[in-house]
Amino acid sequence: MHVRVDLKVLYFGTPVVLIGSRNPDGTANLAPMSSAWWLGQSCMLGLGNSAQTTANLLRERRCVLNLAPSSLVGAVDRLALTTAAPVVPAHKAAIGYRHESDKFAAAGLTEQAGELVAAPRVAECPIQLECEVAAAHPFGAGDTHATAFQVNVVRAHIAEDLLVPGTQYVDPLRWDPLIMKFCEFFGGGDTVHPSRLATGWRMPHQLRPTPA
């Protein structure tokens, strides 16, 4: 039986991406997001307009999409309520965001240079996609508050042990992406870590205990 519900969140589950970009002063920025989908060699990214990453992509037109495995959930969660924006927007400050100038240090991750784009890769991420911004579109009903970016993948870096031997294909049995579903972290079909973001957004969840 179905019931009519005015859903507050339409966030059914997508992979977590750590977007590497460059700030106006040239320093590396790293932002977790999970509004991304791929088709062919292109990807659509949904980002809030108050994000520093949005400004970086509009200005630089370059980024790296670092796909996080479930094993990196702790590092991703450490970035969840941080922003590189010098002034934290009021709506973010209200739920616990803080300014963080060195995102890699905050997450405990290692910066790698891009080969074709001037944006940082994450050494610990087994899938790194260097991208160029092809288009940016206002997104959202009513007062526009987000931007949908179309980015084209210009170079892919894949950990060798993820590939089907002798091919150019990722083995889906070896790739365990970190999934964010209604602001909670999932991997292998189960919860994998408490989420600061869910706490900040006061999500009314009652999850099973996270495995040790």
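The values are calculated or read from the model by the stated rules, or taken from the named source; none is laboratory data. Everything numeric in this text was worked out from a predicted model, so none of it was measured. Ideal geometry is used to build each Cβ from the backbone, glycine not excepted, and the neighbour counts take in all protein chains shown. Calculation scope for accessible area: heavy atoms of the full protein, side chains included, ligands and nucleic acids excluded. Shrake-Rupley method; radii C 1.70, N 1.55, O 1.52, S 1.80 Å.
Summary of values
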quantity	calculated
Distance in nm between pseudo-label sites at L7 and A156 (7 Å out along the Cβ direction from Cα)	2.9
Burial ranking of peptide ranges 26-39, 105-118 (average Cβ count within 10 Å, highest at the top)	26-39, 105-118
Shape of region 61-139, Cα gyration tensor, a/c cut at 1.5	oblate
Cα-Cα pairs of the chain separated by more than 20 Å (percent)	59
Normalised contact order of region 157-210, rounded percent, pairs of Cα under 8 Å and 6 or more residues apart	20
Accessible solvent surface per residue of region 14-201, calculated while the other protein chains remain in place, 1.4 angstrom probe, Å²	46
Charged-residue dipole, Cβ positions (Lys, Arg, Asp, Glu), the chain about Cα centre, Debye nearest 20	600
Rounded percent of accessible protein surface that carbon and sulfur make up, region 14-201, 1.4 Å probe	56
Counting DSSP beta bridges with both ends in region 14-201, the antiparallel % (nearest 5)	95
